[in-house]
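To start, the structure under review is shown below, and the notes come after it.
The values are calculated or read from the model by the stated rules, or taken from the named source; none is laboratory data. All figures in this text were calculated on a predicted structure; none of them were measured in a lab. Neighbour counts run over all protein chains shown; Cβ positions are idealised from the backbone, glycine included.
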Amino acid sequence: MSDTFDVVVIGAGPAGYVAAIRAAQLGQKTAIVDKQWLGGVCLNVGCIPSKSLLKNAEVAHLLRERSKEFGFSFDNLVLDYSVAVKRSRQVSDRLTKGVGFLMRKNNITVQMGVAKLTAKDTVAVTDKNGQVMELKAKNIIVATGASATVPPSWKMDGQKVVTYLEAILQEKLPKSVVIIGAGAIGMEFATVWNGYGVEVTVVEMLPHVLPLEDEEAASEVTRAFNKRGIKLLAGHKVESVETTTTGVKVIVSASGEMKVLEAEQALLAIGFRPNSKGLGLEEVGVKISERGFIEIDENMSTNITGIWAIGDVTGKLMLAHVGTAQGIVCAEHIGGAETVKLNYEMMPRATYCQPQVASFGMTEAQAKERGYTIKVGRFPFQANGKALGLGDYAGWVKLIVDEKYGEILGATLVGPEVTELLPELTLAQMMELTPAEIGRNVHAHPTLSETLMEAAHVAEGMGIHV
């Protein structure tokens, strides 16, 4: 069997399904293919269920460690982690069904199966029964995402040594865990498990946790994690990971000294590799980097006319919202609609550990390295009424501003719900607003967003509440 489309999207994650919707909105006959599920990793086993687990962990930590402060007392606190996991699955299922509804609403043909390019304009889809459907398309968008990196010498058994996939679905908590990698995934799982009283050790090869973030932000998070009893080993290289009769043994080294870490479970969270193999890309001439990422131009086009790529498989910035933005731009180029050029450096970055970390653009160090004379607007959550009322006031807001023109070069935020505060700043940067204009924008009181206004005033040399 075969069918013909204007656009065929391979991969139904946040990049792929959004590209399909925008293509359909622009009058393109569109189909989407996925081998497993609508919504991809993000909706099913990533960003969405992890936020549900983080909320449960926040409540669990409050009850376990801070109940007296808030006036709660009980004789026998019972924490059922399996309920938290079941709730996270319900949240995921609801959103996945929503994606299915959006496909129907926009008249997008959905094909579940394994896709492979057999020509520059042809995708063969093999379903679970071995039946093959051939889809012809003027445009093919590859949005196949990425998978967790697992070194071959580390025996990943899915029980004692796991990736995010097994960790997010397991209903039983480990009593102790070694997390390898202190990026967003590692730090978020550390927050979840620690909230339920698990003994957590996080190992990071680079000099500080959250290695892609501002060093001062990493220090703030380190203090908070230490206070919660999470053990952090930054600057430690993992030499080996092996299973034992009781769990795992992880050998790490630092400054020539070896340490043996033993726990019930180990989580590997050291990065992702692109899902670009087995798609037939090389056979049709698509250029792929040495690391396996599909090479694209600013329009999301590959070197082969009519074949496009978006999302994690391109390696531009492996974040769901970046893939979504790429999907919209890609579909608009295909449909001949007005569109924009993406600035990846100014894309928002968010980590949902406790405290949260949000950032975009340059850090202080990066701005100075590039020769900017900068001024820094900084305001602590400790001086914010809403944060004090929440009982969550670690951290601060920091704006990096070009002294000459008042241009916002970047920002780093550490503290309560800072991931929700970031859009005001990224919008201001995109629209070329200055801190003076942010400071003049009246913010409701009491809100966490007032910290942005206060930091803007500080950047202008006229701080109010500091």
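Quick notes on this structure:
- Answer from Ala184, Ala124, Ala143, Ala137 - the residue that is under 30 Å from Arg228 (Cα atoms) and buried (at least 17 other Cβ atoms within 10 Å of the Cβ): Ala184
- Close pairs from segment 412-426: first farther than 19 Å from Gly389 by Cβ, partner polar (S, T, N, Q) and at pLDDT 95 or above, Cβ under 9 Å, at least 6 apart: Thr412/Ser359; Thr412/Thr363; Thr419/Thr351; Thr419/Gln356; Leu422/Ser359; Glu424/Asn441; Glu424/Ser449
- Selection of first residues in segment 378-390 that are in the same structural domain as Ile400 (by TED's automatic domain parsing) and of second residues that are surrounded by fewer than 18 Cβ atoms within 10 Å (Cβ to Cβ) and of a type in the set (S, T, N, Q), restricted to Cβ pairs under 6 Å at least 6 apart or on distinct chains, gives the following pairs, ordered by first then second residue: Lys386/Thr447.
- Spans of helices (runs of 4 or more DSSP H) in segment 1-113 with at least 3 residues more than 18 Å from the chain's Cα centre (by Cα) and surrounded by fewer than 17 Cβ atoms within 10 Å (Cβ to Cβ): 47-65, 67-70, 81-105
- Some residue of segment 411-427 being aliphatic (A, V, I, L, M) and over 23 Å from the mean Cα position of the chain (by Cα): no
- Positions within segment 81-101 being without any contact (Cβ under 8 Å) to a residue 24 or more places away in the chain and either assigned by TED's automatic domain parsing to the domain that holds Ala224 or under 24 Å from Lys227 (Cα atoms) (or both), in sequence order: none
- Some residue of segment 305-320 being surrounded by fewer than 17 Cβ atoms within 10 Å (Cβ to Cβ), more than 18 Å from the chain's Cα centre (by Cα) and either assigned by TED's automatic domain parsing to the domain that holds Pro49 or part of a loop (DSSP other than H, G, I, E, B) (or both): yes
- Selected residue (criterion: surrounded by the fewest Cβ atoms within 10 Å (Cβ to Cβ)) from residues of segment 350-397 that are among the aliphatic types (A, V, I, L, M) and in contact with a Ser or Thr (Cβ under 6 Å, 6 or more places away or on another chain): Ala350
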